[in-house]
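For reference, the structure is listed below as structure tokens.
The values are calculated or read from the model by the stated rules, or taken from the named source; none is laboratory data. Here the structure is a predicted model, which means the values were calculated and not measured. Every residue, glycine as well, gets a Cβ built from its backbone with ideal geometry; the counts of neighbours run over all protein chains shown. These area figures cover heavy atoms from the full protein model, side chains too; ligands, DNA and RNA do not enter into them. Shrake-Rupley method; radii C 1.70, N 1.55, O 1.52, S 1.80 Å.
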Amino acid sequence: MNAVPQQGANATPGTRLPSLRQWVDEVAALTRPDRIVWCDGSDAEDAALKEAMLADGTLIALNQDTHPGCFLHRSHPDDVARVEHLTFVCHQDREDSGPNNHWMAPAEAHAKIDALFDGCMQGRTLYVVPYCMGPIDSPLSRCGVEITDSPYVVANMRLMTRMGAAALARIEREGAEGKPFVRGLHSTGELDPDRRYIMHFPEELTIKSYGSGYGGNALLGKKCHALRIASHQARHEGWLAEHMLIVGIENPQGEVHYVAAAFPSACGKTNLAMLIPPESYREKGWKVWTVGDDICWMHPGEDGRLWAINPEAGFFGVAPGTSEKSNPNALASIQRDTIFTNVAVTDDNQPWWEGLDDRVPAIDWQGRPYDPANGPAAHPNSRFTVSARQCPTYSPHTENPQGVPISAIVFGGRRASLVPLVFQARDWAHGVMVGAAMASETTAAATGAVGVVRRDPMAMKPFCGYHFGDYFRHWLSFDRPGARLPAIFHVNWFRKDDDGRFLWPGFGENMRVLEWIIGRVRGEAAAVDSPVGLLPEADGINRDGLDGVDFEQLFEIDAEGWSSEFAAIRSYLDELQPRAPEAIVSAAGR
Ligand code: GTP
Ligand code: SPV
Ligand code: MN
């Protein structure tokens, strides 16, 4: 059956893969679009889409003299962040989704969301978007197809993934061998928060998302595929899909150590991935290479090490706070060919957000004349979408089909008190417990209250596609004969003094902490044991040129505070019983 004829200027003949063709036909029969476009990812296709979006107001051209190829998208004001309360992971068996996910029986979930999809693309175009997560020729990469009625999603997927003809060719080749692709169906629907669901069917490798156009809800290759579905696949295939940046640290000897770091949403991954070392480090020859800023897929290699790829091809980064001082690499990346979402603009139509500079914006993120009485000019979760290739420190090894070897894993959260600047886990099981015990203040990346401390194990609370107890067990399983596992650390850039000021300068100065981490990995830096783990010696972190930093307070271990923290961790692990692994529970002090 092919209910809807192929039409349109850039419509292509579709696909020779029967399973894909059949699925597109089924979706078209359900959603009833006016036309179907198979996206090839070409420049011409992108230009035509952008022209159409400029014509209908989906995109607004920014100042093309200062920001060539840059556009602004203003989303619906009720559609600015991930919606965790509307996100479901629907395993057949409820237990498999765990208490960490919302669950609905798959049949019920399909029925509920298919009712919303029924006829929803009438008057619209259905885009078929084949994409590859990871280098196109890497055996570690995985493919998917997103069907969407949003040209904004198509333009973003083109930046965030390897999208188009090459991905389709790989999907067809693998399909002929019986290897499945992930199916993602998306419609912006009416953008009504009461008619919005983000649903995952891990056992069917299927995603259905309705009623939102926002990044994490709508760019299905990202959180839905590369974390929720991929984490489920990874569990069964023996690898890890994580909410981590990947950064290469080159020391003065020219050795590059790759570090993967899991921080919750809007807690510093993009910034650490693009770090520029302080001048005193650059003079000595330290360099930093950006591999990825949000997602990391790690596979055990034949040498026993974990090898990582960044499944993404672009950055969907937080705009507020990005400046020449905090993140010059990000700023340099977004001077051209960037899509900005929900930022403000200056009177000469340049993108602007809080923390960029001291200019006063003219128009706020909702298109109103800027009035501080209305709140921030840019939405706190306003974002930029840009190709990773535009980052000045983009690592050429990002394209390695085998990935890069990971020397250290770093967990971290936003904790105003209690948690020291850095500590190291004593061994793998202790490190898995440290990751499982993570907590962080909530941010604007998801709807709901901001600044509330919640448990966010391994920064995966919103993204783990299965039961956290099984997930920790899976992590522990990597410790086996022959393994040469990364050392595990925990950092906190966000500890505050009694007046509410950050104790640590952060950003580029985080290099000092990375230096200690690399020193530990190389067996050079010393450490002392403490109730939470291994701490740097008194002068273990380089303090040269850092005046006024209170290291004593930064590293203070409050025994009483930690005793209640461990009690909270244990009661959190209790909620995961009977699936919480004993090694984690006992590492947490029982
Ligand atoms: P997602 O894209 O949502 O997954 O977030 P992310 O982890 O990539 O967050 P990002 O790096 O964009 O950081 C977001 C916020 O953290 C911004 O407000 C930054 O200014 C702030 N931030 C990042 N690094 C530091 C740091 O070292 N110190 C302090 N104080 N703030 C930081
Ligand atoms: C996050 O919220 O962790 C993000 C942005 O990286 S989104 O793609 O919307 O999930
Ligand atoms: Mn993220």
In degrees, nearest ten, helix 511-521 long axis to first principal axis of the chain (Cα): 80
Region 315-386, Rg to Rh (Cα coordinates; Rh as Kirkwood inverse mean 1/r): 0.94
Accessible area (Å², per residue) of region 315-386, counting only protein heavy atoms and a probe of 1.4 Å: 38
Pairs of Lys in the chain closer than 23 Å at Cα, counting only those 8 or more apart or on different chains: 20
Whole-number D in µm² s⁻¹ for the chain, Kirkwood Cα-pair radius fed into Stokes-Einstein, 4 °C, 1.567 mPa s: 53
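Report, please, the projected area of region 43-165 averaged over directions, based on the convex hull of its C-alpha atoms, in nm². Spell out each step's value before the answer.
Values: hull surface 43.8 nm².
The Cα convex hull of region 43-165, projected and averaged over all directions, gives 11.0 nm².
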Part-to-part distance (alpha-carbon centres) for region 310-327 and region 243-263, which is given in Å: 17
Assigned charges on the beta-carbon of Lys, Arg, Asp, Glu; region 40-178 dipole about Cα centre (debye): 200
Amide hydrogen neighbours beyond the local backbone of A439, cut-off 5 Å, H modeled: D456
Efficiency of FRET between D93 and S586 - r from beta-carbon atoms, R0 22 angstrom, step 0.05: 0.20
For the chain, the longest site-free run once GluC sites (Glu not before Pro) in DSSP loop states with at most 16 other Cβ atoms within 10 Å are removed: 325-523
Kirkwood Rh and Cα Rg combined as Rg/Rh, region 273-358: 1.07
Cβ-derived FRET efficiency at R0 41 Å, S571 paired with S42, nearest 0.05: 0.15
C-alpha long axis of helix 43-56 to longest principal axis of the chain, angle in °: 80
Spacing of the two label points (7 Å from each Cα toward its C-beta) at H236 and E203, in nm: 1.0
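Accessible area of region 315-386 with a 1.4 Å probe: how many percent of it is carbon plus sulfur?
Values: 1460 of 2770 Å².
Answer for region 315-386 is 53 percent, counting heavy atoms of protein chains only.
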Helix axis angle, 18-31 relative to the chain longest principal axis, alpha carbon, degrees: 80
Descending semi-axes in Å of region 141-278, equivalent ellipsoid built from Cα gyration tensor: 29, 20, 15
Value of D in µm² per second that Stokes-Einstein yields for region 83-123, Kirkwood Rh from Cα pairs, at 4 °C (1.567 mPa s): 114
